[in-house]
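Okay, so here's the structure we're looking at.
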Amino acid sequence: MNKKTVLTGIRPTGNLHFGHYFGAGKNWLKLQENYEFYLELADVQALTDNFQEPTKIRENVYEITKDILSIGIDPKKVHIFIQSKIPEIAELTVFYSNLVTMARLYRNPTVKTEISQKKGLFGANGEGVTYGFVGYPVSQAADITAFRGELVPAGDDQKPLVEQCREIVRKFNSIYGDVLKEPDILLSKESRIKGLDGNDKMGKSLGNAIYLKDDEKTIHNKVMKAITDPNKIRKDDPANPEVCMVYYYHKLFNQENLSTVCQECKKGRRGCVACKKELIEKINEFLQPIREKRAYYDQHPELIDQILKDGSEVAREIAKEVVFEIKQKMSIDYFSE
Ligand code: TRP
Ligand code: SF4
């Protein structure tokens, strides 16, 4: 049976947090069982808006790899690779850049939003935006097609990028002949998770992220600060769990005692401090095996190098094949080697 190819990428700009785990990682654990899975550490894309901080990106390639492995992604099943180790992606990016208009790139909703979020870097009205940043959807289309990606597991925000890739594929095929396949996005069902501060989203820049690598003390401090029902003043006041972020997290980590938490909260038989402590314990239970795996890799950095090297080698083989075919179609296959 031929497995379908899944390709997804992540920008190595910071450690993975619970938002990544519930929005993506949990789904990757399922996908790795049934698909040919390529997981790209998109360092070149990360540099498009972090070009002044190359060492940060480099460090995070290793950090994220450890995060990915610690949640149980199996490098025997998933090809974890580094974007910059696949120069064919850069080649494809150049070829595809003729097939996209500037207007279309500026109209890409994700690009638009990101430019307006990065005023410090790109100017108040985006007047200082770089060629590289505006063009990153082209490079992402190269990411996907270089491995003949058929399914792209990603969140809502990536829809316009996959759509842009599909357009490039159609244009390429119509001009040069059918070689590329249009990928489909595989939207994650459990997308966003909220922050303990009540924000609809968890994120590094929002300052509410709980990281997979957080230690017990950090978890304790973060949970103790969580927003609870503001109408509950005393320990035995009845409250409404539905407006409480601690309860929201009990839903994620303490499914087995959820109805007890809910009932006791409503009846005023549960204090918020005790309720938070129970949650802290549950989160630590969840993180226990993840911490153990991470500690193992922390002690064996040579394994991380080997995994990335092997993953990049396998990935590069496919990318070379694809570029070979593409060059033939484009009549730039000089001197067959
Ligand atoms: N743009 C994606 C993000 O910011 C990362 C990414 C890079 C990606 N290459 C990709 C996602 C290819 C899907 C497919 O999260
Ligand atoms: Fe939230 Fe628990 Fe306090 Fe109820 S008892 S308000 S669920 S922290």
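Descriptive notes on the structure:
- Restricting segment 239-288 to residues that are open to solvent by 60 Å² or more (accessible area, probe 1.4 Å) and part of a loop (DSSP other than H, G, I, E, B), the residue that is nearest to ligand 1 (Cβ to nearest atom): 240
- Comparison of 168, 175 shows that the only residue that is more than 26 Å from residue 8 (Cβ to Cβ), in contact (Cβ under 8 Å) with a residue 40 or more places away in the chain and in a helix (DSSP H, G or I) is 175.
- The lone exception for residue 73 - which of (1) touching a residue at least 60 places away in the same chain (Cβ under 8 Å); (2) not aromatic (Phe, Trp, Tyr); (3) not in a helix (DSSP H, G or I) it fails: (1)
- Tabulated pairs, segment 244-267, first free of Cβ contacts under 8 Å to residues at least 12 places away in the same chain, second open to solvent by less than 20 Å² (accessible area, probe 1.4 Å), C-beta under 7 angstrom, 6+ apart or interchain: 258/250
- Residue in segment 20-27 that is in the same structural domain as residue 158 (by TED's automatic domain parsing), aliphatic (A, V, I, L, M) and more than 21 Å from residue 202 (Cα to Cα) present: no
- The set of residues in segment 276-305 being touching a residue at least 40 places away in the same chain (Cβ under 8 Å) and closer than 30 Å to residue 237 by Cα consists of 276, 279, 280, 283, 284.
- Some residue of segment 181-188 being closer than 24 Å to residue 27 by Cβ, within 15 Å of ligand 1 (Cβ to nearest atom) and of a type in the set (Asp, Glu): yes
The values are calculated or read from the model by the stated rules, or taken from the named source; none is laboratory data. This structure is a prediction, so every number in the text was calculated from the model and none was measured. In this analysis, Cβ positions are derived from the backbone assuming ideal geometry, glycine residues included, and neighbour counts consider all displayed protein chains. All accessible areas refer to the heavy atoms of the entire protein, side chains included, with ligands and DNA or RNA removed. Shrake-Rupley method; radii C 1.70, N 1.55, O 1.52, S 1.80 Å.
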